[in-house]
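This report refers to the structure that appears directly beneath it.
The values are calculated or read from the model by the stated rules, or taken from the named source; none is laboratory data. Nothing here was measured: the structure is a model prediction, and the numbers come from that model. With ideal geometry, Cβ positions are generated from the backbone for all residues, glycine too; neighbour counts draw on all protein chains shown. SASA here: full protein model, heavy atoms, side chains in, ligands and nucleic acids out. Shrake-Rupley method; radii C 1.70, N 1.55, O 1.52, S 1.80 Å.
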Amino acid sequence: MPLDVLIKTLFIVLVVVGAFAPVITWIERKQSAVMQDRVGANRANVMGVTILGLLHPLADVIKLITKEDVVPAGANRTMHLIAPLIAAIPSIIAFAVIPYGGVYHFGGTTVNLVVADVDWGVLYLFAIGSLATYGTVLSGWASNNNWALLGSLRGSAQMISYEVTMGLSIVGIFMCFGTLKLTDMAFAQDATFRVFGFLEAFGWLTPLPAWLSWVQLPMWGVVLQPLGFVLFLTCIMAENKRPPFDIPEGESEIVAGYFMEYSGMRFGLFYMSEFIEVVVIAGIVTAIFLGGWSIPWLSSAQIVAHVSATFGDGFANGFCMLLHVLTFFAKVIGMIWLQMTIRWTLPRFRYDQVMDLCWKIMLPLSLANILVTGAVILGIQGLTR
Amino acid sequence: MTTSLLFFYFFAAVALISALGMVLNTRNTVAAAMCLVATMLSLAGVYLLLDAYLIAAIQVLVYAGAIVVLFVFVVMLLNLRSDAFPPSRQVLSKALAVVLGGYVMWRFLKLLPGMLPPEKPIPAGFGGYEAVAIELFTRWVLPFEVTSFLLLAAIVGAVVLAKRRLD
């Protein structure tokens with residue numbers, strides 16, 4: 001059914017590119033202002049109305065579109081023109097496999113709130129993410145500028161390095177949920193588990209006392225894989241090249257890095273793709289580690305059962321869908337807030353520190369995480385009676 | 001004509017054109033590498049049409065996303081030009097390319113008339129990571145582990161070589 005795919009694609013593109021990305025530029029300014037005790041973005045106005053600085057994204061767009069689009073002499077013209085597109089496209093199409101809602105039944109029709117429900121969703125994300133490197137590499141090379149080339153070399157080395165650790169840090173999650181499909185992961189996380197349930201399963205304490213079996217946690221990735229969550233978040237933020245990992249841009253060292261020769265809307269594309277990536281990162285982390293669209297301690301079956309008793313099945317499914325989509329975007333906003341807080345708290349790492357962190361600390365930790373996860377899963381299987 | 005056939009012709013055309021672009025573009029090495037990326041991406045598209053999802057993902061992830069990035073990295077650092085190679089070697093490599101290409105072409109042309117096997121229904125889970133992983137870790141586990149040792153040896157060798165120059 002191409003029509004519903006089209007509608008879902010339009011929805012996600014409009015929400016992410018049309019609504020989230022501009023608002024994030026405002027959040028970036030406003031949150032940094034609050035954190036640094038400044039008044040912050042408050043100048044852009046229409047007849048004196050500023051709406052808390054929310055008009056700044058609009059002013060940005062007008063400014064970027066009306067600026068001259070300069071291609072430096074000596075640059076490779078074709079490459080210079082297409083590099084921003086290569087940087088921006090992967091970040092937008094990554095959202096195709098992220099589920100922003102579950103599966104709902106309306107009479108005969110079934111609504112699955114993901115654009116492409118593929119078995120290899122996580123592989124798709126990694127494949128698309130690995131292509132983002134080309135935007136960085138090409139823009140620096142095509143500009144024919146030493147600072148830009150330095151920036152793109154730094155960027156590509158950093159992105160390739162962190163891709164390795166990012167892939168390994170998430171293997172523990174695959175082992176826990178037994179799938180690479182993002183929609184299945186979200187469904188697996190739409191449940192709770194008894195923290196002390198293992199006592200009963202191993203036959204050490206049967207039956208489990210009521211007050212112990214009352215202690216339940218949502219089966220989220222972050223609960224099952226806390227180390228994996230920290231490693232994955234660090235890696236994926238390093239992939240985005242925002243502070244504290246912004247050595248490819250490093251204003252104090254190499255002017256502006258790989259996009260320093262860009263102006264007008266082509267610079268705007270680099271700028272926008274960074275902010276879109278912030279949303280994509282929030283979406284990926286939410287889908288894999290924070291339960292996706294699920295509401296903690298309240299599974300979709302419970303919601304549908306309770307609501308349909310009084311209002312009917314169709315209304316219950318629609319209500320559940322609305323709640324889930326809102327929950328998903330609330331979590332996404334929370335993750336965006338976390339990324340912004342990290343961005344405005346930590347100073348930029350030195351280049352060797354970034355590489356040391358990746359290869360000497362995070363890579364061994366992610367390997368150890370895989371080993372421990374495997375041992376625990378085997379132990380649980382062995383001890384369960 | 002079905003949609004998948006249309007997609008096949010599109011991907012095949014892009015693969016062929018960008019492959020030609022890579023081979024014939026001797027002036028600009030980075031552009032040639034980008035043509036190689038385009039070839040690999042369209043090959044990944046062909047794999048997808050053949051239900052080989054894992055191979056398609058690996059094609060993009062490993063070949064287009066990692067190996068060619070390293071190519072570009074090296075090309076950008078070395079800034080090689082075609083006159084950096086002696087003409088005798090150029091003649092040799094061209095002759096070898098013609099012979100190998102001719103051989104591959106000959107084999108393909110022999111296959112062409114009516115030699116394609118009849119279409120078989122695809123078993124469930126074909127081309128996914130699960131089928132490949134089960135084969136890899138049960139039947140082929142020994143070659144798999146031996147390969148990992150080979151890679152480890154290569155990594156250690158690279159570190160030793162690089163360290164000697166540093167010391």
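Here are the numbers:
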item: Filtered residues of the range B:35-53 (kept if open to solvent by less than 50 Å² (accessible area, probe 1.4 Å) and at pLDDT 85 or above); result: B:Cys35, B:Leu36, B:Val37, B:Ala38, B:Thr39, B:Met40, B:Ser42, B:Ala44, B:Gly45, B:Val46
item: Scope the range A:100-136; condition open to solvent by 40 Å² or more (accessible area, probe 1.4 Å) and farther than 23 Å from A:Gln189 by Cβ; matching residues; result: A:Phe106, A:Gly107, A:Gly108, A:Thr109
item: The range A:142-160, subset among the polar types (S, T, N, Q), at negative phi and away from chain B (no Cβ under 11 Å), residue surrounded by the fewest Cβ atoms within 10 Å (Cβ to Cβ); result: A:Asn146
item: Top-ranked residue in the range A:49-65 [being in contact (Cβ under 8 Å) with a residue 60 or more places away in the chain and β-branched (Val, Ile, Thr); ranked as farthest from A:Ala21 (Cα to Cα)]; result: A:Ile65
item: Residue in the range A:99-109 that is more than 14 Å from chain B (Cβ to nearest Cβ), free of Cβ contacts under 8 Å to residues at least 40 places away in the same chain, among the small types (Gly, Ala, Ser) and not in a helix (DSSP H, G or I) present; result: yes
item: Selection within the range B:18-33 - facing chain A (nearest Cβ under 8 Å) and either in contact (Cβ under 8 Å) with a residue 12 or more places away in the chain or more than 30 Å from B:Leu78 (Cα to Cα) (or both); result: B:Val30
item: Top-ranked residue of the range A:118-141 - restricted to ones that are of a type in the set (Val, Ile, Thr) and within 29 Å of A:Thr183 (Cα to Cα), ranked as nearest to the other protein chains (Cβ to nearest Cβ); result: A:Thr133
item: Criterion: crowded, with 23+ Cβ neighbours inside 10 Å, farther than 27 Å from A:Gly172 by Cα, among the polar types (S, T, N, Q) and modelled with pLDDT of 80 or more - qualifying residue of A:Ser139, A:Ser91; result: A:Ser139
item: Enumeration of residues in the range A:106-127 that are among the acidic types (Asp, Glu) and more than 20 Å from A:Met321 (Cβ to Cβ); result: A:Asp119
item: Filter result for A:Leu138 (under 22 Å from A:Glu274 (Cβ atoms) and either under 25 Å from the mean Cα position of the chain (by Cα) or outside any loop (DSSP other than H, G, I, E, B) (or both)); result: yes
item: Residue, nearest to A:Leu357 (Cα to Cα), within the range A:166-178, restricted to residues that are open to solvent by less than 20 Å² (accessible area, probe 1.4 Å) and within 14 Å of another protein chain (Cβ to nearest Cβ); result: A:Met166
item: Check on A:Thr345, among the polar types (S, T, N, Q), open to solvent by 60 Å² or more (accessible area, probe 1.4 Å) and in contact (Cβ under 8 Å) with a residue 40 or more places away in the chain; result: yes
item: The range A:61-88: number of residues that are open to solvent by less than 30 Å² (accessible area, probe 1.4 Å) and either touching a His at 6+ places or on another chain (Cβ under 9 Å) or of a type outside the set (Gly, Ala, Ser) (or both); result: 5
